[in-house]
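A short write-up of the structure that comes next.
What follows is calculated from the coordinates using simple rules that are stated; it is not laboratory data. Keep in mind the model is a prediction, meaning the values are calculated, not measured. In this analysis, Cβ positions are derived from the backbone assuming ideal geometry, glycine residues included, and neighbour counts consider all displayed protein chains.
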Amino acid sequence: MAPSQEFGIQLFYDKRPDGRYHIHSPNIPGLHVAGSDLDEIKVDVEPLVIDLLFHNSGIVVDTIQWVPSLEDMVSHMKNSPATAKEKILVITGRAA
C-alpha cells in the first residue's frame, strides 16, 4: 500500500447580486454548488468533494482540513457585499 499523500485544492466562493451563492473549483471538475441558503450548501460541500475526487480522479480521501473552516467561510460570505468573490486555498486532503 502506498503512503498517504497530502494535496491542496482551491475553492471559489462567489456571492451573486441576486443573493445566491456559488461554490466551485478548478481542481474538481463537476463541483458546482449554488443556492440562496449558505448553511445548506455547507452541508453538501464536503461529501461532494469526496465523491467527485473519487469518481473523477480515483482519489480516496481520508481526511479534509478546511482552511479557513467552513463555518468561518459561511460567516464571512454572509457578511460580504453582493458580488463578493473569494479565492481561498481551502482543502488539505490526505489520500490513501
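Which whole-number percent is the relative contact order of segment 25-81 (Cα, under 8 Å, 6+ apart)? Don't jump to the answer; show the numbers that get you there.
On the way: 28 pairs, mean separation 17.8, N = 57.
Relative CO of segment 25-81 lands at 31 percent.
Within a 10 angstrom radius of the beta carbon, how do Leu70, Leu53 rank from fewest other beta carbons to most?
Starting with the residue having the fewest Cβ neighbours, the order is Leu70, Leu53.
What's the exposure ranking of His55, His76, going from fewest to most Cβ atoms within 10 Å?
His55, His76
When a footprinting reagent is the concern and you count Cβ atoms within 10 Å, what order do Ile28, Ile64 take, fewest first?
In order of increasing Cβ crowding within 10 Å: Ile64, Ile28.
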